[in-house]
1. Once R0 is set to 25 Å, what does the formula 1/(1 + (r/R0)^6) return for the Cβ-Cβ distance between A:Ala139 and A:Ile89, expressed as a FRET efficiency to the nearest 0.05?
2. Holding the Cα-Cα limit at 21 Å, pick out from A:Lys83/A:Lys201; A:Lys17/B:Lys60; A:Lys60/A:Lys115 the pairs that are longer than that.
3. Could you list A:Val180, B:Val19 in order of exposure, starting from the residue whose Cβ has the fewest other Cβ atoms within 10 Å?
4. Counting Lys and Arg as +1 and Asp and Glu as -1, what is the net charge of the other residues whose Cβ lies under 12 Å from the Cβ of A:Ile33?
5. Applying the Karplus parametrisation 6.51 cos²θ - 1.76 cosθ + 1.60 with θ = phi - 60° to the phi angles of the stretch A:32-44, what ³J(HN,Hα) value in whole Hz is obtained for each residue in order, glycine and proline being reported as x?
6. Mind pulling the per residue volume of the convex hull built on the Cα atoms of the protein assembly as shown? Å³ is fine.
7. Roughly how big is the protein assembly as shown's charge dipole about its Cα centre, with Cβ charges of +1 (Lys, Arg) and -1 (Asp, Glu), in debye to the nearest 20?
8. At A:Ile94, label 7 Å along Cα→Cβ: distances to the other copies, nm, ascending?
2 protein chains.
Amino acid sequence: MSKMDLNTEQAILEAAKQVFIQKGMDGARMQEIADKAGINKSLLHYYYRSKNKLFEAVFKEAFFKFIPNIMDLMNSELPLFEKIRLFAINYIDIINENPLMPVFIMHELNRDPAKVAEMIKSTGINPSKIIIQINEEVAKGEINPIDPFHLIVNLISMCIFPFVAQPILQYVIFNENSEVYAAFIEQRKREVPEFIINSIKKDKRS
Amino acid sequence: MSKMDLNTEQAILEAAKQVFIQKGMDGARMQEIADKAGINKSLLHYYYRSKNKLFEAVFKEAFFKFIPNIMDLMNSELPLFEKIRLFAINYIDIINENPLMPVFIMHELNRDPAKVAEMIKSTGINPSKIIIQINEEVAKGEINPIDPFHLIVNLISMCIFPFVAQPILQYVIFNENSEVYAAFIEQRKREVPEFIINSIKKDKRS
DNA sequence: GTCTATATCGGGATAGAC
DNA sequence: GTCTATCCCGATATAGAC
């Protein structure tokens with residue numbers, strides 16, 4: 001594989017990423033990807049045999065960038081509150097680089113649910129460490145009693161959902177002003193962790 | 001329009017709802033809708049002139065069922081904590097009837113962002129009442145200081161996101177057992193409001 | 001490796017009989 | 001209102017020249 005090959009192949013993948021993520025597998029057109037990559041349609045088939053193969057390449061890369069990774073943080077040795085704060089900051093940053101990613105992944109997983117198992121099996125996703133940590137904090141009386149799963153889902157929901165629902169929220173809350181919405185999201189890096197910590201920290205109820 | 005017309009028309013809309021919501025506009029096939037409705041493909045065009053028209057009918061109905069309505073509750077005279085509890089219960093119930101709805105709506109709005117304005121303008125969505133209420137509670141010192149928008153987005157996120165991410169969460173948390181996941185969602189009708197109220201209720205800090 | 005030309009097919013839409 | 005038959009375009013994919 002020569003140097004030029006790599007460039008073209010990369011250009012295709014980059015273009016494919018943009019188009020697939022914006023339009024989805026079914027809505028994407030090979031012609032549009034070729035145009036965006038500045039090459040001919042048939043070259044797409046030269047590098048990736050079919051639309052489906054190309055899509056798989058894009059989807060896998062997207063999935064592995066967004067779903068795991070952050071798990072390293074979750075399974076680290078940091079104190080719980082620290083983890084929660086870092087998670088919000090890091091994850092919101094990652095999604096900010098590609099705000100359409102969450103809807104894309106969710107839509108495609110739902111289109112082809114068999115993918116979920118296939119994808120996750122090949123990653124080391126395993127939340128057991130953080131779950132144990134939460135249970136221990138509860139047992140030690142350091143935080144209020146809470147089911148670790150609900151806590152984790154709450155955290156993830158509050159970080160990701162504002163991107164998923166961006167079109168509506170942006171319109172309803174800020175009359176379509178996307179800069180203000182971006183600032184709103186930025187605030188959430190602090191707001192979300194404090195909201196959570198405030199909810200679970202001891203010393204409140206009696 | 002005879003009685004039989006109505007039945008067929010309803011059958012088509014019902015079939016279209018299922019197919020469109022599951023596959024999206026681009027992934028849906030008129031043939032599949034016709035099959036599911038037990039009629040001929042060309043009858044679809046007799047009742048609705050085009051695929052797009054049919055889609056619009058489905059989407060509008062879906063949107064208006066899911067987005068507003070609940071606003072009545074938000075703008076009622078109930079106490080804040082009461083509202084939060086009722087919102088979680090009612091909204092989770094509504095989505096439970098059609099768990100794919102959120103991803104569907106989000107995906108389609110993103111495909112055609114112009115829809116957002118068009119849709120929302122024709123509804124009376126206006127969260128001002130609840131926002132004032134939250135600000136008042138803060139001013140009176142009844143709850144901890146919080147930006148009403150973040151509070152509302154937190155509430156909505158925690159209710160809807162578990163449906164959006166169901167495929168992944170169900171797999172990671174419960175090894176694909178959908179009954180257990182349904183129970184998990186059911187718990188959230190209580191867990192989410194208590195989590196929120198615990199976070200904002202006074203008497204904790206200082 | 002990259003292009004042009006073309007095969008092939010699926011799917012939305014229409015015509016027209018009943 | 002409902003069906004069958006058909007049109008026709010757009011999109012993936014392949015063949016083959018350069």
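1. Efficiency, rounded to the nearest 0.05: 0.35.
2. From A:Lys83/A:Lys201; A:Lys17/B:Lys60; A:Lys60/A:Lys115, over 21 Å: A:Lys17/B:Lys60.
3. Result, fewest neighbours first: A:Val180, B:Val19.
4. +3
5. 5, 5, 4, 4, 5, 8, x, 9, 8, 3, 6, 5, 4
6. Working: hull volume 70.1 nm³, N = 412.
That works out to 170 Å³ per residue.
7. 400
8. 3.2
Computed from the coordinates by the stated procedures, all read-outs in this text should not be read as laboratory data. All values reported here derive from a predicted model rather than from experimental measurement. Neighbour counts run over all protein chains shown; Cβ positions are idealised from the backbone, glycine included.
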